[in-house]
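One structure below.
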Amino acid sequence: MHTIIEKINTIKKQKNAVILAHCYQPIEIDNVADYVGDSLYLSQVAAKTQADIIVFAGVYFMAQTAKLLSPDKKVLLPQLEAGCRMSDMLSLKQLKDFKAKYPSYPVVCYVNSTAEVKAECDICCTSSNAEKIVKSLGVGKVLFVPDTYLGKWVEHKLGNIDVITYPGFCPTHLQIRPIDIENARKKYPQALVLAHPECHMSVSKIADFVGSTAQIIKYVKESKQKSFVIATEQGVVDRLKRDFPNKEIIPIKSNIVCPNMKMTSLEDILHVLTTEENEIIVNKEIAKKAVNCLDAMLEVSK
Ligand code: 13P
Ligand code: SF4
């Protein structure tokens, strides 16, 4: 393992490359990553980096987002088949049909979507800024795609804005059910339950805290409590256990894993860094429109 890490770090320096890793990636990827975090943080890093090459250890829409924000950089995805099942649920045609049903409302687009979809939406959001973004529009009704649960969670939190959602969802987070929270509370009455807003609303509503991956990690770090039940992907559980050995970190259940996030290996990273294969290319016309949607988000999230 050491040799591969050393090789990656050497080529990274030679090529002025940077490695960005989402916190659902296999934990060994952190050994070579320059930045590890949630979708918002990584898109902010991608927008500002001075590197010539960005290797995105994550899924396709994340690397594509990095390319949209840094069009002059070479963006490489270690595994091209690593898609997002939620993003796959919304094609351009489905978006157009959805918008046609509700003309005249602004469309907020979760970053877990294709560039084609982003190009036809007004503003992007991630799970850490969705409330702020919807509120920033200053209207009473918005369309929200593709994650129905994040959209409905935002509606619930804001209270005075109708959020009409497209019926997309994350199959990984939907494996978590209210009964799992109830069982965890019985077994670990001392623990706080922290959930990701991609979970079903019935789960989010009974959690003690709902936030993005980075917000969950920050919560554990700053809380005086010692025990936490984690209702999101295993990568967050693994990192919390590594970083907070004196706290009790309990996964809500076993096998809450995003198979696409787990496709990346150190070997894949070494391979793309060496060969510069798997470059992300976005059609220029689509990119021009999609980047507006992302820039609008980054402006509000500054
Ligand atoms: P965050 O990184 O915003 O928490 O989102 C999680 C996710 O599903 C990434 O696909
Ligand atoms: Fe997509 Fe869900 Fe995997 Fe995130 S966890 S990349 S939303 S399938």
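When every residue of segment 211-222 is checked against the conditions, at least one turns out to be over 23 Å from Ala119 (Cβ atoms), more than 20 Å from the chain's Cα centre (by Cα) and away from ligand 1 (no atom under 16 Å from the Cβ). Of the numbered criteria (1) out of contact with any strand residue (DSSP E or B) (no Cβ under 8 Å at 6 or more places or on another chain); (2) open to solvent by 40 Å² or more (accessible area, probe 1.4 Å); (3) within 30 Å of Ala17 (Cβ to Cβ), the one Asp268 fails is (2).
Conditions (1) touching a Cys at 6+ places or on another chain (Cβ under 7 Å); (2) among the polar types (S, T, N, Q); (3) touching a residue at least 12 places away in the same chain (Cβ under 8 Å), marked per residue:
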| residue | (1), (2), (3) |
| --- | --- |
| Asn183 | no, yes, no |
| Lys187 | no, no, no |
| Gln190 | no, yes, yes |
| His200 | no, no, yes |
| Tyr219 | no, no, yes |
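Entry remark, segment 81-95: residues being surrounded by 22 or more Cβ atoms within 10 Å (Cβ to Cβ) and within 14 Å of ligand 2 (Cβ to nearest atom) number 5 in total.
Would you confirm whether or not segment 77-84 contains a residue that is without any contact (Cβ under 8 Å) to a residue 60 or more places away in the chain and either more than 16 Å from ligand 1 (Cβ to nearest atom) or within 17 Å of the chain's Cα centre (by Cα) (or both)? No, the conditions are met nowhere in segment 77-84. If you go through segment 171-202 and pick out every residue that is within 16 Å of ligand 1 (Cβ to nearest atom), touching a strand residue (DSSP E or B) at 6+ places or on another chain (Cβ under 7 Å) and open to solvent by 20 Å² or more (accessible area, probe 1.4 Å), you end up with 0. Residue count for segment 62-80 under the criterion of being within 13 Å of ligand 2 (Cβ to nearest atom) and open to solvent by 10 Å² or more (accessible area, probe 1.4 Å): the result is 3. You will find that of Thr126, Thr148, the residue that is closer than 21 Å to Gln44 by Cα and touching a Ser or Thr at 6+ places or on another chain (Cβ under 7 Å) is Thr126 and no other.
In the set Lys302, Lys262, only one residue is under 28 Å from Lys221 (Cα atoms), open to solvent by 70 Å² or more (accessible area, probe 1.4 Å) and under 21 Å from the mean Cα position of the chain (by Cα); that residue is Lys302. Please enumerate the residues belonging to segment 1-54 that are closer than 22 Å to Leu240 by Cα, away from ligand 2 (no atom under 16 Å from the Cβ) and acidic (Asp, Glu). Correct list: Glu28, Asp30, Asp34. Of the helices (runs of 4 or more DSSP H) that lie entirely inside segment 51-152, those containing 2 or more residues that are under 17 Å from Gly168 (Cβ atoms), charged (D, E, K, R) and out of contact with any Asp or Glu (no Cβ under 6 Å at 6 or more places or on another chain) span 92-101, 115-119.
Given the structure, is Cys109 modelled with pLDDT of 95 or more, within 16 Å of ligand 1 (Cβ to nearest atom) and over 21 Å from Asp162 (Cα atoms)? Criteria not met by Cys109. Name the residues in segment 1-41 that are modelled with pLDDT under 95, in a helix (DSSP H, G or I) and within 16 Å of ligand 1 (Cβ to nearest atom), would you? Matches in segment 1-41: Ser39, Leu40, Tyr41.
Taking the listed residues Asp243, Asp208, the one that is surrounded by 15 or more Cβ atoms within 10 Å (Cβ to Cβ) and farther than 20 Å from Cys125 by Cβ is Asp208, with no other qualifying. Of all residue pairs spaced 6 or more apart or on separate chains, those with beta-carbon atoms under 7 Å, a first member in segment 125-141 that is open to solvent by less than 50 Å² (accessible area, probe 1.4 Å) and a second member that is at pLDDT below 95 and assigned to a loop (DSSP other than H, G, I, E, B) are Thr126/Asp38; Ser128/Asp38; Asn129/Ser301.
Of everything in segment 29-48 that is of a type in the set (S, T, N, Q) and open to solvent by 20 Å² or more (accessible area, probe 1.4 Å), the residue that is farthest from the chain's Cα centre (by Cα) is Asn31. Residues in segment 217-241 that are assigned to a helix (DSSP H, G or I), out of contact with any helix residue (DSSP H, G or I) (no Cβ under 7 Å at 6 or more places or on another chain) and away from ligand 2 (no atom under 16 Å from the Cβ): Lys218, Tyr219, Lys221, Glu222, Lys241.
The values are calculated or read from the model by the stated rules, or taken from the named source; none is laboratory data. For clarity, every value in this text was computed on a predicted model and none was experimentally measured. With ideal geometry, Cβ positions are generated from the backbone for all residues, glycine too; neighbour counts draw on all protein chains shown. With ligands, DNA and RNA removed, areas are computed over all heavy atoms of the protein, side chains included. Shrake-Rupley method; radii C 1.70, N 1.55, O 1.52, S 1.80 Å.
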